[in-house]
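Student: Structure incoming, see below.
Nothing in this text is a laboratory measurement; each read-out follows from the coordinates by a stated rule. Keep in mind the model is a prediction, meaning the values are calculated, not measured. Quick reminder, even Gly has a Cβ in these numbers, built from the backbone with ideal geometry, and neighbours come from all protein chains shown.
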Amino acid sequence: MTTIPVSWYLIVSALLFTIGTIGVLVRRNPLIIFMSIELMLNAVNLAFVTLSSYLDSADGQVFVFIVLTVAAAEVVVGLAIIVSIFRTRRNIDVDEMNLLRG
Amino acid sequence: MSGPALIISFFVLAVASVASALGVILFRNAVYSALSLILTLLFLAMFYLQLGAMFIAIVQILIYAGAIMVLFLFVVTMLAADPRDPDLQDRLPWQRGVAAVLGLVLVGALSYLLLSGTPLNEAARAHGSEALSQVVAQQGNIQAFGQALFHGFSFAFEVTSLVIVVAILGALVLGRKA
């Protein structure tokens, strides 16, 4: 087992999550908003692995595995949506995406 | 690795991962942001190694830093032709200050909860033959992970395959020429 307190890892995870949240709030480029969401998912993964090691149970690692596959699926669909929006509008500013129709 | 070496490596990794995460949201160029995110994911993989989760660390590098980020870079370079950078014509400039204040509130609240030890419950720790360290010592890391996945979470594992099929179909439908 590690000699580092669990809360230190969890604070790194909280910092990464907050950076991801600020990225979603501040940036207007949907690709960077997506990357910030990935950052938040990874921050949560770090918390899962930390608590899996602390609780001495593999369940946290299984959750990370499932979060990973869901993140991959989310990225595939999200990037496909961004590409198809770019094809129809030639512009990817999230402030201008306010219509559901093309 | 133990003692001071472990603590020094923890702080180096913590500073490096937070700095590269800041790079993701601060770089103007989306390609630099993507590369910075790859760096963050690699540092997180090293955190996982430090925590003894070898399989998750390797999967993180292969799937996240490899497959997902290559997809990101493809799309970023494909859409980089747009000369109007959306971030340069921000219609709501006051949002930045509000976001920074709310971010400080979030990190303060999370750190307070974590330092006061709210999520940590000694009684929840696994003991005896259930304990991960026991299984890893007897059978190895990947075997321990596989047992947890296929014994406890086999239904979730099967549902994951459905999620992936739906994602493939969705990408096909969205990507086809209209």
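Student: Using the basic label-point model (7 angstrom from Cα toward the beta carbon), what is the residue B:111 to residue B:28 distance in nanometres?
Tutor: Going from the residue B:111 label point to the residue B:28 one covers 3.1 nm.
Student: In addition: Can you tell me the FRET efficiency between residue A:3 and residue B:62 if r is taken as the Cβ-Cβ distance and R0 is 30 Å, rounded to the nearest 0.05?
Tutor: 0.55
Student: Next question, about the same structure. Only four residue types carry charge here, +1 at the Cβ of Lys and Arg and -1 at the Cβ of Asp and Glu. Report the dipole size of the protein assembly as shown about the Cα centre in Debye, rounded to the nearest 20.
Tutor: I would put it at about 860 debye.
Student: What list of ³J(HN,Hα) values in whole Hz, one per residue of the stretch B:58-65 in order, does the Karplus curve 6.51 cos²θ - 1.76 cosθ + 1.60 (θ = phi - 60°) give from phi, with Gly and Pro shown as x?
Tutor: 5, 5, 4, 5, 5, 7, 6, 5
Student: How do A:18, B:40, A:3, A:69 rank when sorted from fewest to most other Cβ atoms within 10 Å of their own Cβ? Walk me through the numbers on the way to the answer.
Tutor: Working: A:18 25, B:40 28, A:3 11, A:69 19.
Sorted ascending by nearby Cβ count, the order is A:3, A:69, A:18, B:40.
Student: Shifting gears a bit: When you have a sec, figure out the Kirkwood radius of the stretch B:7-81 from all distinct Cα pair distances and drop it here in Å to one decimal?
Tutor: It is 12.9 Å.
Student: Please state, as a whole number in µm²/s, the translational diffusion coefficient that the Stokes-Einstein equation yields for the protein assembly as shown at 10 °C and 1.306 mPa s, with Rh defined as the Kirkwood radius across alpha carbon pairs.
Tutor: Here the translational diffusion coefficient equals 79 µm²/s.
Student: Here's a follow-up. Given the -39500 (n - 2.57) contribution per DSSP H run of 4+ residues, what per-residue ellipticity at 222 nm results for chain A, rounded to the nearest 500 deg cm²/dmol?
Tutor: Computed mean residue ellipticity for chain A: -27000 deg cm²/dmol.
Student: Please turn the phi angles of the stretch B:12-22 into ³J(HN,Hα) values with the Karplus equation 6.51 cos²θ - 1.76 cosθ + 1.60 (θ = phi - 60°), one per residue in order, whole Hz, x for glycine and proline.
Tutor: Using θ = phi - 60°, the values come out as 4, 5, 5, 5, 5, 6, 5, 5, 6, 5, 4 Hz.
Student: If I model a spin label as a point 7 Å beyond the Cα along the Cα-Cβ vector, how far apart are those points for residue A:90 and residue B:100 in nm?
Tutor: 3.7
Student: Let me ask something else about it. Can you give the charge dipole size of the stretch A:6-96 about its Cα centre, rounded to the nearest 20 debye, using +1 on the beta carbon of Lys and Arg and -1 on the beta carbon of Asp and Glu? Could you put the intermediate results ahead of the total?
Tutor: Details: 5 positive and 7 negative charges, 81 e Å.
So the dipole magnitude of the stretch A:6-96 works out to roughly 400 debye.
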